[in-house]
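Notes for the one structure printed next.
What follows is calculated from the coordinates using simple rules that are stated; it is not laboratory data. Fair warning: this is a prediction, and the values are worked out from it, not measured in the lab. Positions of Cβ are generated from backbone atoms using ideal geometry, with glycine treated the same way; all protein chains shown enter the neighbour counts.
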């Protein structure tokens, strides 16, 4: 390993399109999956693979899947690569290629196992391409690639594992799977789930539907919650995405949204779910007004985890009173139900009288199972008493 005087330009010395021919092994996994493994100078990776940053365009469509570089982590890897301590990076980076990349098997018979064969990957490169034009995206290893790119060394060969697909949803799924056991921010996983495809671990698969509904609520123009839910691409939202997900999961599993979750013979009706939720939260905005609506949780417990989740249970209670045979309440019906409990709520000031002899100041309510259960029971029982119904203590929360 030697120090470099300038950036290695072995590949793509001109703007003319070229093709890298990379000796590789093709490994068959299952009936229709192919993996490719090869070695390359890490400084050449940027010539054909880019980092797909997670972002939304002007129409709120999700693009990419990678978080920003962690500069301290990149700097630490770079120092290691530049050190005289025989640096070793044994883990392969993972690259997703589009269908412009092809594999050409080597000629002749081999004595190896049937699931592997040798050959070459043909990878187009062009100096004039922007990152979005390149045929590869880095699914795992962006910090290592950035460190090697910037390191003051002439070369640093690395291992690459790659797959070929033209489907961006497949890129996101593989990114989630590769990082599911690492400290990847949950918010990023939740934001990527709606656009992911293929097999996912069960704990992620069950969150895909609520994550899809959350995305619609957060980015549809007609949603009362538009841009109010905090996600990686909407960091200024006042409602934590995990609080909204828990509210959605509760209702989908055993509330009004359960009616639209689908079954083995029918897909979930996400449009109906979004309509019900938009009607309910529009009613919440109307009834509680600007004093409690849209404020940070420290100023309004309505926007706090305890408020969001408990109000979700109240939404289900109002819908139950409306009757499943008569459809679901509209915004006006939800507002009528909310007005019966408005005067008992203490979202921004005052003290909750929860009926247990223990007064709670409004800002003492925390996002804990006990406080969420207490607020839920109080709201639902108060509403049911106004409707002349007996309230059975909620057992759905935990």
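A few comments on the model shown:
- Fewest-first ordering of 186, 18 by other beta carbons within 10 Å of each residue's beta carbon gives 186, 18.
- Mean Cα-pair separation over length for the stretch 20-166, i.e. relative contact order, pairs under 8 Å, 6 or more apart, %: 43
- Kirkwood-based shape ratio for the stretch 200-386, expressed as Rg/Rh from alpha carbons: 0.95
- Over the stretch 20-166: Kirkwood hydrodynamic radius from C-alpha pairwise inverse distances, Å: 16.6
- Pairwise centroid distance, computed over Cα atoms, of the stretch 208-267 with the stretch 285-311, Å: 17
- By average C-beta atoms within 10 angstrom, highest first, the peptides 222-235, 371-384: 371-384, 222-235
- Max-minus-min Cα coordinates of the stretch 244-313 on each principal axis give 45, 20, 15 Å, with the largest extent listed first.
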